[in-house]
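All remarks here apply to the structure that follows.
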2 protein chains.
Amino acid sequence: MFEPLYLYIENYSSLTLTQPEKELISHTFKLKRLRKKQYYLQEGDISKYIGFLIKGAMRMYSVDHKGHEHIIRFGVENWWMGDYESYNMNTPSRYNIDAVEDSELLAISGHQMQELMAKIPAVNAMIKLLDRRSNIAVQNRVHAAISLTAEERYQNLQETYPAFLQRFPQNMIASYLGISPETLSRIRKHSMMSKKAI
Amino acid sequence: MFEPLYLYIENYSSLTLTQPEKELISHTFKLKRLRKKQYYLQEGDISKYIGFLIKGAMRMYSVDHKGHEHIIRFGVENWWMGDYESYNMNTPSRYNIDAVEDSELLAISGHQMQELMAKIPAVNAMIKLLDRRSNIAVQNRVHAAISLTAEERYQNLQETYPAFLQRFPQNMIASYLGISPETLSRIRKHSMMSKKAI
DNA sequence: GAGCATGCTTGATAAATGTCAAGCTCATTA
DNA sequence: TAATGAGCTTGACATTTATCAAGCATGCTC
């Protein structure tokens, strides 16, 4: 059950975990199972735990005053889920996180994570690199959001995270791109027609 | 000249710098002066240095196929400037960075930064926290970009970084928000009129 | 198998935003 | 001082995207 996490840490840190380190990890993280549509975090709660997804698919989103959902982040196997802002600042979250498929994640509190980082160099290095990579990824999303048209953003997503398109329903993809489901439907129709033309 | 940087590191790390540490820092960072409109980085270059702004104002932006500029990030005193993606991955940058006012920054290479982080705990802690904060800030920007209207994004900027509105010309603010200068002008007119009405 | 919910598509129309062109103000410079 | 250019505003119009409403599959539940 913890194998994917060990591998992930070793990959991201370029270090090897010792047996005692693995045991410490397996005793610290707790397995959490979620049914499809079940909440992992609700708006207003504090994100005390952050989770490493070992199975399933999840999303983090806000709900605006009109009741529309806006997806900030998707997660599938080997991704971390949680509201970093709430988790790090100990503030109530503006977001909801729920399971899009039946999911399993390994959860750890902020306090426990600090301990693991202090005790296990590989975990420390992994988090450092993760923060860095995440920064880059989010910045690229900002770039896409402010400089590309809806159609270009869709193509960009196709190139960057093709797996999402298979995994999440179209209305969620639209929400992730910041457009309405109708517009996404029309964009797809349009781009299929231009492919045929070639 | 290095005082602001020492203070910044001490603040972000909650640690105090020793005299030898300060000397190491002052011998590692190099002062770089930029005239208004001068480039710090041009598209296609690799961002070898990252700079801590001690004076002035700068921006990082991309230019699209129509020649339009899209501002990804602003920087003023006590902000870091550089393309993190290019800096960390050693890849050519898609962005330009230039000075909006005459500016001075303290520059350091990625390699030198690794060394400082290894030798000075405060620098290590500072970078860790900076990466974390930056993640949160960029994620909030994604949230704004996909879920708010142009007018709401402007109000959000007013609340989050009011200093930017004083410091950067309106057409750059528009570019940062992902809207045309004309639209921003109309939004401002509109929100001034509703203020008067109150 | 009937009924029902969910997700996707399509059309008609409305609202938001972009584009183009012109004019105005202000600071800078020749 | 005149001239220039940069930045901001405004109007007319075009384009993009959202909204609302309807219909159609598909799969699930009783």
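No value in this document is a laboratory result; all are computed from the given coordinates. Just so it is clear, the structure is predicted and the values come from calculations on it, not from any experiment. Cβ placement follows ideal geometry from the backbone for every residue including glycine, while neighbour counts extend to all protein chains displayed.
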If you build a Gaussian network model of chain A, linking Cα atoms that sit under 10 Å apart, which residue out of A:L41, A:L24, A:L53 swings the most?
-> A:L24
Would you work out which of B:G82, B:A118, B:P92 lies farthest towards the positive end of the dipole of the stretch B:44-138? Charges go on Cβ: Lys and Arg +1, Asp and Glu -1.
-> B:A118
Rounded to the nearest 10, the angle in degrees between the Cα long axis of helix B:110-119 and the longest principal axis of the Cα atoms of chain B comes to 60 degrees
How far is A:S26 from itself in the other copies, in nm, if each label sits 7 Å out from Cα along the Cα-Cβ line, shortest first?
-> 5.4
What FRET efficiency do you get for B:K36 and A:L129 if R0 is 35 Å and r is their Cβ-Cβ distance, rounded to the nearest 0.05?
-> 0.45
The rounded separation in angstrom of the Cα centers of the stretch B:1-60 and the stretch A:1-45 is 37 Å
Expressed as a whole-number percentage, the relative contact order of chain A with C-alpha contacts under 8 angstrom and at least six residues apart is 23 percent
Where does the protein assembly as shown land on the Kirkwood hydrodynamic radius, alpha-carbon pairs, in angstrom?
-> 22.9 Å
With runs of 4+ DSSP H residues as the only contributors, calculate the mean residue ellipticity of the protein assembly as shown at 222 nm using -39,500 (n - 2.57) per run, divided by the residue total and rounded to the nearest 500.
-> -16500 deg cm²/dmol
Quick one: angle between helix B:121-147 and the longest Cα principal axis of chain B, in degrees between 0 and 90, rounded to 10, please.
-> 10 degrees
For the protein assembly as shown, build the charge dipole from Cβ charges (+1 Lys, Arg; -1 Asp, Glu) around the Cα centre, then report which of A:A107, B:S185, A:M172 sits farthest towards its positive end.
-> B:S185
So which of A:K48/B:K128; A:K30/A:K119; A:K22/A:K55; B:K30/B:K119; A:K66/A:K189 end up more than 25 Å apart, counting from Cα to Cα?
-> A:K66/A:K189
Using alpha carbon positions and the Kirkwood radius, the Rg to Rh ratio of the stretch B:3-147 is 0.98
For label points placed 7 Å from Cα toward Cβ, what is the shortest-first list of nm distances from B:A150 to its copies?
-> 1.6
Relative to chain B, whose Cα atoms define the longest principal axis, helix B:150-160 and its Cα axis are tilted in degrees, nearest 10, by 40 degrees
What is the calculated FRET efficiency for A:R188 to A:E69, with r their C-beta to C-beta distance and R₀ = 25 Å, to the nearest 0.05?
-> 0.80
Can you pull the mean other chain C-beta count within 10 Å for peptide B:55-65?
-> 1
Could I have the simple spin-label model distance between B:R94 and B:Q166, label points 7 Å from Cα toward Cβ, reported in nm to one decimal?
-> 3.4 nm
Within a 10 angstrom radius of each residue's Cβ in B:142-150, how many Cβ atoms of other chains show up on average? Whole number is fine.
-> 6
Could you quote the convex hull projected area for the stretch B:98-161, Cα atoms only and averaged over all directions, in nm²?
-> 6.4 nm²
Inter-copy distances for A:S191, nm, shortest first, label points 7 Å along Cα→Cβ, are 3.3
Would you kindly give the portion of the calculated P(r) for the stretch B:1-67 that falls above 16 Å, as a percent of all Cα pairs?
-> 60 percent
Apply the Karplus parameterisation 6.51 cos²θ - 1.76 cosθ + 1.60, with θ equal to phi minus 60°, to every residue of the stretch B:21-32 and state each ³J(HN,Hα) to the nearest whole Hz, in sequence, with x for glycine and proline.
-> 5, 4, 5, 4, 4, 5, 8, 8, 6, 10, 6, 10
Cα gyration tensor shape for the stretch A:61-118, rounded if a/c is under 1.5, else prolate or oblate | oblate
